[in-house]
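*Asks:* Got a structure here, written out as structure tokens. Questions coming.
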Amino acid sequence: MLSPDSGRVLVSCSPTDMRKGIESLARMVEIEFGLDPFASATYVFVSRTADKLKMLRWDVNGFWLFYKKLARGTFRWSFRSEGLVLEVDPRQLTWLVDGLSTEQPHAHKPVSERVFY
């Protein structure tokens, strides 16, 4: 199942045909992105109009395919010409699915120090 600690999150930098199913998306991950669709990763795709989103993930004995179609509005997706995929953290994925930008100017920065004050 999808959880915050369930591996890498890789977002497609170009729009995807939402008619694609599990096999087509897995093939796209393998052939176009050069990545392993069976790895511990979630692959995220969005439609050209940015109102539909699919997430593909392998889970022990089968693929999960999550699909969301917005009733109104669009996902804040940054299509990019350079690179095929962009790695984001699970927190950024949550923002994206909630309709926010992955580059939140007001988000607290992660803290790497492990000390008490």
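Any read-out appearing in this document is the output of simple, stated calculations on the displayed coordinates, not a laboratory observation. No experiment lies behind these values; they were computed from the predicted model shown. Quick reminder, even Gly has a Cβ in these numbers, built from the backbone with ideal geometry, and neighbours come from all protein chains shown.
*Asks:* Is the range 57-68 home to any residue that is part of a loop (DSSP other than H, G, I, E, B), loosely packed, with under 14 Cβ neighbours inside 10 Å and of a type in the set (Lys, Arg)?
*Replies:* no
*Asks:* Also, quick follow-up: With respect to the numbered conditions (1) surrounded by 14 or more Cβ atoms within 10 Å (Cβ to Cβ); (2) over 12 Å from the mean Cα position of the chain (by Cα); (3) in a strand (DSSP E or B), which one is the sole condition not fulfilled by PRO37?
*Replies:* All conditions are met except number (3).
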